[in-house]
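Participant: Can you keep this structure in mind? I'll have questions shortly.
The values are calculated or read from the model by the stated rules, or taken from the named source; none is laboratory data. This structure is a prediction, so every number in the text was calculated from the model and none was measured. Neighbour counts are summed over all protein chains in view; Cβ atoms, including those assigned to glycine, are modelled from backbone coordinates with ideal geometry. Surface areas here come from the heavy atoms of the whole protein model, side chains and all, with no ligands, DNA or RNA. Shrake-Rupley method; radii C 1.70, N 1.55, O 1.52, S 1.80 Å.
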Amino acid sequence: MGFFLSWGVKVQEKVNELKVSFEDQLSSAKSTKELEDIKIKYLGKKGPIQSLMPLLKDAANEEKPLLGKKINELKLFIASSIEERFEFLAGKELEKSLKDEEIDVSMPGRRTYTGRMHPISSMIEETAEALIQMGFSVETTPEIESDYYNYGGLNYPEDHPARDMQDTFYLSKDVLLRSHNTSIQQRIMERKQPPIRVISLGKCYRNETITSRSHVLFHQVDALYIDKDVTFADLLATLKEFYSKLFKTDVELRVRPSYFPFVEPGMEVDVKCTSCKGEGCRLCKQTGWLEVCGAGMVHPEVLKQGGLDPEVYSGFAWGGGIERIFMLRHGISDIRMFTENDVRFLSQFA
Ligand SMILES: [Zn+2]
């Protein structure tokens, strides 16, 4: 240790004061940002360490090396203390930022909206799937159809009131929007020889007032089966199996005589109400039965028109609404819901 003369003592005191104030500030620094400020304050060009240097020149010559050494030691002490503290605070800050980024699995998720099939599209698919399993194949027919395939070839005589049963959109005298998928019948008989087991699914158009029960646009499934020795019992068995699949339960059928020009005999088919089991409820309008389709044995005139001998071949046909089944299954009372594109309605049916 050296002995300082008064000027040297002054410098030595300054060094000690600086050290104390630095240690004070260092211990109160809470972030690396604050440390940076302290570093600039003490070690910067206009900082207190630099301002000690000019004091040296007034010190006695023999004091100068020792005082210079003291100042330098303080400078190194400040630099290394800051560095040490910096590492510590940087580590803390990193830890905190990692913690902030941690995924909290208990947070509620953000809902994503994905598209899904329209209920009618999925009902068409389900219907087709059920009938394919039963040996039918899917055929398509034009939506813009000639009068012949929609009416004439199906035993609807010219100017016959039966044509008024379906209010038709005519595009010209002989061209119309198909009013039923039964238009498949003559088209398929032109192309195929029995055994014929086909279905046609899709849009039908009728010029009706739009209400909760009827629409200008709806969807139908039509089936046609022609072979030797096809009987009424085959028709009933097929319908029972088909509607049991669609209603996902063993259904009970009831038939009522009805008239369609292309079948003989013709009938309306009812399924015992799946909701009340025949007791009577809102769904079946207290009747205990749900009307599901029109059906019958293919009319001999239709077979003849298709080039088939009614003495050799026989067949059955039925047609029913796709919306209708969906509405019965889900207790929907307004057919307009399907075309209003209300997501609140559509999203109920995954
Ligand atoms: Zn019922």
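Participant: Arrange the residues I120, I132, I144 by how much accessible surface each exposes, largest first, with a 1.4 angstrom probe. All intermediate terms of the calculation are to be shown ahead of the outcome.
Facilitator: On the way: I120 10, I132 80, I144 100 Å².
Descending order: I144, I132, I120.
Participant: Further, regarding this structure: Once each part is reduced to its C-alpha centroid, what is the distance from segment 179-223 to segment 47-75 in angstrom?
Facilitator: With segment 179-223 and segment 47-75 each reduced to a Cα centre, they are spaced 106 Å.
Participant: Going out from 0 in 5 Å bins, what whole percent of all Cα-Cα distances in segment 246-330 drops into each bin?
Facilitator: 3, 15, 20, 19, 14, 11, 8, 6, 3, 0
Participant: Still on this structure, I have one more. Do the sum for the chain: with -39,500 (n - 2.57) for every DSSP H run of n ≥ 4, divided by all residues, what is the mean residue ellipticity at 222 nm, to the nearest 500 deg cm²/dmol?
Facilitator: Details: 11 runs with 144 residues, N = 350.
That calculation yields -13000 deg cm²/dmol at 222 nm.
Participant: Could you name the lysines in cross-link range of K285, using Cα to Cα under 16 Å and dropping any fewer than eight places away on the same chain?
Facilitator: Those lysines meeting the cut-off are K272, K277.
Participant: Let me ask something else. In square angstrom, what is the accessible area per residue of segment 119-346 with a 1.4 angstrom probe?
Facilitator: Averaged over the residues of segment 119-346, the accessible area is 47 Å².
Participant: Under a 1.4 Å probe, what is the accessible area of segment 6-101 per residue, stated in Å²? Walk me through the intermediate numbers first.
Facilitator: Values: 6550 Å² over 96 residues.
With the other protein chains kept in place, segment 6-101 gives 68 Å² per residue.
Participant: How big is the equivalent ellipsoid of segment 212-293 along its three axes, where each semi-axis is √(5λ) from the Cα gyration tensor, reported in whole Å from largest to smallest? Walk me through the intermediate numbers first.
Facilitator: Working: eigenvalues 110, 57, 33 Å².
Ellipsoid semi-axes (Å, largest first): 23, 17, 13.
Participant: Run a plain Debye calculation on the chain (Cα atoms as equal point scatterers, no solvent) and give log10 I(q)/I(0) at q = 0.07, 0.12, 0.15 Å⁻¹, rounded to two decimals, same order as the q list.
Facilitator: Calculated log10 I(q)/I(0) at the listed q: -0.48, -0.91, -1.24.
Participant: Further question: Lone cysteines in the chain, defined as no other cysteine's Cβ under 4.7 Å from theirs: which are they?
Facilitator: C204, C293
Participant: To continue, here is another question. For all pairs of alpha-carbon atoms in segment 196-257, what percent lies in each bin of width 5 Å, listed from the first bin to the last filled one?
Facilitator: For segment 196-257, the pair-distance distribution reads 4, 13, 17, 18, 20, 17, 10, 3, 0.
Participant: Continuing with the same structure: Considering only protein heavy atoms and a 1.4 Å probe, what is the carbon-and-sulfur percentage of the accessible area of the chain?
Facilitator: Numbers: 10640 of 20130 Å².
Reported share for carbon and sulfur atoms: 53 percent.
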